[in-house]
There are 2 protein chains.
Amino acid sequence: MPYRADDPALYFDAHVFVCVNERAPDHSRGCCKAKGAEGLREYMKGRAKALGLGKVRINQAGCLDRCELGPTVVIYPEGVWYTVRSEADVDEVLETHVKNGGRVERLLLPPELTPAKLAKARAGG
Amino acid sequence: MPYRADDPALYFDAHVFVCVNERAPDHSRGCCKAKGAEGLREYMKGRAKALGLGKVRINQAGCLDRCELGPTVVIYPEGVWYTVRSEADVDEVLETHVKNGGRVERLLLPPELTPAKLAKARAGG
């Protein structure tokens, strides 16, 4: 386990990272930016503020390496991943997960969906 | 507590975010990019690979809002923050923290060092 009892307190109660990475248009993996990640991140930042969420930060991040499933979002310290495709998705993640501590089941990204497994599935393997 | 017993397993055992944000040269808070954050992140990425660290990702991030203390790095899921100013610092964080699960006490960024408190201290308050 990575945690230690004597670690400092968390600086942010919820630290949200939104992948905004851009790849060339013909890249086989695609990219989050081409799926509107930048606008969704801006929207999320504004909504988090409007909701008065306290020690919460909505950051942009480089490639989170789950490009096929994007736009991808990961929320720490819990390490829960979501695919967030619309402003309605953003609202639901902020309200249900960040504000109320629940989970948005329909948007969850399970850890077993790795790039290798996705490539294999596509190839019919 | 943000964790739930039924959350999916972690996708990365150590998810490291390095702030590479750039501000105007005359900005009072400074920025991590001006302190060499991009080069340090590239170095960290290469070293993590060379060390054969498994499910570890070294990502760049937008402004982590602790600019005065940069270059800043946060490691999740444990949420431990460091100031990393040199390649030697990077080596120590990777070896001691990420590989061996320890903490690099001399580089730790305590949560009470907020921008507001730093500004107050500077103003002699």
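The values are calculated or read from the model by the stated rules, or taken from the named source; none is laboratory data. Bear in mind that the values here come from a model prediction, so they are computed numbers and not experimental data. Positions of Cβ are generated from backbone atoms using ideal geometry, with glycine treated the same way; all protein chains shown enter the neighbour counts.
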Candidates B:VAL90, B:VAL84 - the one that is more than 9 Å from chain A (Cβ to nearest Cβ), touching a Phe, Trp or Tyr at 6+ places or on another chain (Cβ under 8 Å) and surrounded by 19 or more Cβ atoms within 10 Å (Cβ to Cβ): B:VAL90
The range A:17-33, residues that are outside any loop (DSSP other than H, G, I, E, B), closer than 12 Å to A:VAL84 by Cβ and out of contact with any His (no Cβ under 9 Å at 6 or more places or on another chain): A:VAL18, A:CYS19
Residue in the range B:57-67 that is of a type in the set (D, E, K, R), more than 8 Å from chain A (Cβ to nearest Cβ) and touching a Lys or Arg at 6+ places or on another chain (Cβ under 9 Å) present: no
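Out of all the residues in the range B:59-78, is one or more among the charged types (D, E, K, R) and at positive phi?
yes
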Elements of type helices (runs of 4 or more DSSP H) contained in the range A:34-125, each with 3 or more residues being under 18 Å from A:HIS15 (Cα atoms), of a type in the set (Lys, Arg) and over 12 Å from the mean Cα position of the chain (by Cα): A:37-50
Failed item in (1) of a type in the set (Ser, Thr, Tyr); (2) farther than 30 Å from A:GLY101 by Cβ; (3) at pLDDT 95 or above, with B:SER28 passing the rest: (3)
A:GLY70 being within 24 Å of B:PHE17 (Cα to Cα), exposed (fewer than 15 other Cβ atoms within 10 Å of the Cβ) and not basic (Lys, Arg): no
Residues (β-branched (Val, Ile, Thr) and out of contact with any Pro (no Cβ under 7 Å at 6 or more places or on another chain)) located in the range A:84-107: A:VAL90, A:VAL93, A:THR96, A:VAL98, A:VAL104
Answer residue from the range B:28-44, given it is without any contact (Cβ under 8 Å) to a residue 12 or more places away in the chain and not acidic (Asp, Glu) and is farthest from the other protein chains (Cβ to nearest Cβ) among those: B:SER28
The range B:1-19, residues that are surrounded by 12 or more Cβ atoms within 10 Å (Cβ to Cβ) and within 30 Å of B:TYR43 (Cβ to Cβ): B:LEU10, B:TYR11, B:PHE12, B:ASP13, B:ALA14, B:HIS15, B:VAL16, B:PHE17, B:VAL18, B:CYS19
Close pairs from the range B:110-122: first modelled with pLDDT of 90 or more, partner of a type outside the set (A, V, I, L, M, F, W, C) and not in a helix (DSSP H, G or I), Cβ under 6 Å, at least 6 apart: B:PRO110/A:PRO8; B:PRO111/A:PRO8; B:PRO111/A:TYR11
Considering residues of the range A:1-23 that are free of Cβ contacts under 8 Å to residues at least 60 places away in the same chain and among the aliphatic types (A, V, I, L, M) only, the residue farthest from the other protein chains (Cβ to nearest Cβ): A:ALA5
